[in-house]
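Structure record follows, encoded as structure tokens.
Read the figures in this text as sums done on the coordinates, not as results from a lab. All figures in this text were calculated on a predicted structure; none of them were measured in a lab. Because the Cβ atoms are built from the backbone with ideal geometry, glycine has one as well, and the counts that use them run over all protein chains shown.
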Amino acid sequence: MSEISERYCRRADTFQARIDAVPEGRWEDQSPCAEWTARDLVRHVVETHGMFLGFVDRDLGPIPHVDTDPSSAFRSASAIVLGDLEDPARASAGFEGFRGPTTFEESVDRFLSFDLVIHAWDLARATGQDERIDPTDLEGMLDKAKAFGPAMRGPQAFGPEVEPPPDADEQGQLLAFLGRRP
């Protein structure tokens, strides 16, 4: 397992645990993402996994639907991505990314893995779960977020930066930068 696939796997496991801990009746609760419920958030993550597979001419295939089984839908999507990360030929498949030539593995690490951390927090906030982000996952995240540039602040992306509380820790600063109120 590569460093990138290990990181992705750890973050996918955290997101899966948050999905599995959503209390009954909370799937339609509003998430911190203005237009998304908790279920919509999982749908976005699953669809984004499919989008990144599409960049290298692959797809999710027939997986469970988020509307009927959000847990199995994400579990299936993440297993496909992880399988591709663990296959050297598939992991190194190249494509023309938003910032130039890249590989499947690099794009998963740069975006999908990042997205899992933030959306795990969003899901926790929406459904009343523990909102702490693992300190290992916070390392360098603010710098990575800033590296996305202005393109990150658009429809179905991150909102405008908010002012963090004066005593904000690393997690609070990251969340505020991404338009969330810690």
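Counting alpha carbon pairs within less than 8 Å and at least 6 residues apart, what relative contact order, in whole percent, applies to the range 94-182?
On the way: 68 pairs, mean separation 16.3, N = 89.
It comes to 18 percent, rounded to a whole number.
To the nearest 0.05, what FRET efficiency results for Arg181 and Ser2 with a Förster distance of 45 Å applied to their C-beta separation? Don't skip to the end; give the middle numbers.
On the way: r = 35 Å, r/R0 = 0.79.
That pair, Arg181 with Ser2, gives E of 0.80.
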To the nearest 20 debye, what charge dipole does the range 33-182 have about its Cα centre, counting +1 at the Cβ of each Lys and Arg and -1 at the Cβ of each Asp and Glu?
-> 320 debye
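Considering Cα pairs under 8 angstrom that are at least six residues apart, work out the relative contact order of the chain and quote it in whole percent. Provide the component values of the computation, followed by the final result.
On the way: 215 pairs, mean separation 40.9, N = 182.
The value is 22 percent.
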How high is the relative contact order of the range 140-182, in percent, with contacts defined as C-alpha pairs under 8 Å that are six or more residues apart?
-> 38 percent
Interchain or sequence-distant (5+) residues whose placed amide H lies within less than 5 Å of the amide H of Ala93 are Phe104, Glu105
Could you give P(r) for the range 93-136, binned at 5 Å from zero, as whole percent values over all Cα-Cα pairs?
-> 5, 20, 22, 16, 11, 11, 10, 4, 0
5 angstrom amide H check on Thr37, placed H, neighbours 5+ away = Ser31
Under a 5 Å amide H to amide H cut-off, with H placed in plane at 1.01 Å, what residues pair with Gly179 once short-range neighbours are removed?
-> Val162
Specify which labelled value, from [x] 18.5; [y] 17.1; [z] 16.7, agrees with Kirkwood radius over Cα pairs in Å derived from the coordinates of the model shown.
-> [z]
